[in-house]
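Reading through the structure tokens given below for one structure.
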Amino acid sequence: MRLYHFDPKACADLAQLPPVGIHPGMPFVLDDDGRPAVELNRWLRSLPTTGVPAPNSWNAYAADLVAWLRFLRQRNVGLVDEVATLRTTVAAYHADRRMGDLGRRLAASSWNRAVTAIARFYDWAHAENLIDAVPFDYRTYLVRTDGSPRLRRRNLAKERDGRPYATIRWLETDYLELFLTAGLGGRLPDGGADPSYRGREAARNAAI
């Protein structure tokens with residue numbers, strides 16, 4: 001499979017053709033024999049009008065789908081094969097790209113991006129009646145934004161990656177005792193009452 005980008009300047013005869021409505025730089029995929037990957041190209045073509053307006057995102061999604069398609073071809077699975085087969089292949093893809101050869105492993109963030117791209121394709125394929133169901137499981141949860149509850153869903157194939165700015169650490173026992181007595185309890189390190197302490201319900205706070 002090869003990934004290309006639409007360039008109207010490179011098409012000498014394009015001026016003779018009616019407008020085709022393809023954005024310059026739009027990626028498209030051909031197989032090794034030069035034949036188009038029809039379903040994949042249709043999906044890529046739909047991205048600008050389905051919430052993905054940025055060309056950089058088109059390219060990232062296309063690259064992730066090409067990698068997925070190559071993996072499918074290695075296992076003789078079609079891009080819009082039986083859902084049970086696709087589910088099994090998703091699990092095998094995770095084993096290969098997250099737990100396989102170190103030189104090919106994806107970081108958690110890269111894996112999650114790939115899952116987003118693949119899931120978007122299968123959401124589209126399901127809406128187009130190309131498959132009976134999507135090959136992913138989701139968990140629905142409720143969030144409140146501006147006071148209004150909204151349902152969100154999380155793809156269970158995604159991994160929860162740690163935030164680089166998180167610096168939470170467990171307190172050592174001596175620091176914990178100091179925090180409870182001096183920080184929350186309103187006392188000095190020697191155990192005496194701290195006259196500058198202005199907190200309220202010190203015993204309750206320390207107990208909690």
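Structural remarks
- If you go through segment 92-115 and pick out every residue that is within 13 Å of the chain's Cα centre (by Cα) and open to solvent by 60 Å² or more (accessible area, probe 1.4 Å), you end up with 2.
- Flag for residue 21 being open to solvent by 30 Å² or more (accessible area, probe 1.4 Å) and modelled with pLDDT under 85: yes
- Any hit, segment 116-132, residues being assigned to a helix (DSSP H, G or I), touching a residue at least 60 places away in the same chain (Cβ under 8 Å) and either aliphatic (A, V, I, L, M) or loosely packed, with under 12 Cβ neighbours inside 10 Å (or both): yes
- When segment 69-78 is filtered for residues that are touching a residue at least 24 places away in the same chain (Cβ under 8 Å) and either open to solvent by 20 Å² or more (accessible area, probe 1.4 Å) or in contact with a Ser or Thr (Cβ under 9 Å, 6 or more places away or on another chain) (or both), the ones remaining, listed by number, are 70, 71, 73.
- Qualifying position, being open to solvent by 40 Å² or more (accessible area, probe 1.4 Å) and in a helix (DSSP H, G or I), among 89, 85: 85
- Some residue of segment 139-148 being modelled with pLDDT of 90 or more, within 20 Å of the chain's Cα centre (by Cα) and surrounded by 10 or more Cβ atoms within 10 Å (Cβ to Cβ): no
The values are calculated or read from the model by the stated rules, or taken from the named source; none is laboratory data. Quick caveat, the model's predicted, so the values are computed rather than measured. Because the Cβ atoms are built from the backbone with ideal geometry, glycine has one as well, and the counts that use them run over all protein chains shown. Accessible surface areas use protein heavy atoms only, side chains included; no ligands, DNA or RNA. Shrake-Rupley method; radii C 1.70, N 1.55, O 1.52, S 1.80 Å.
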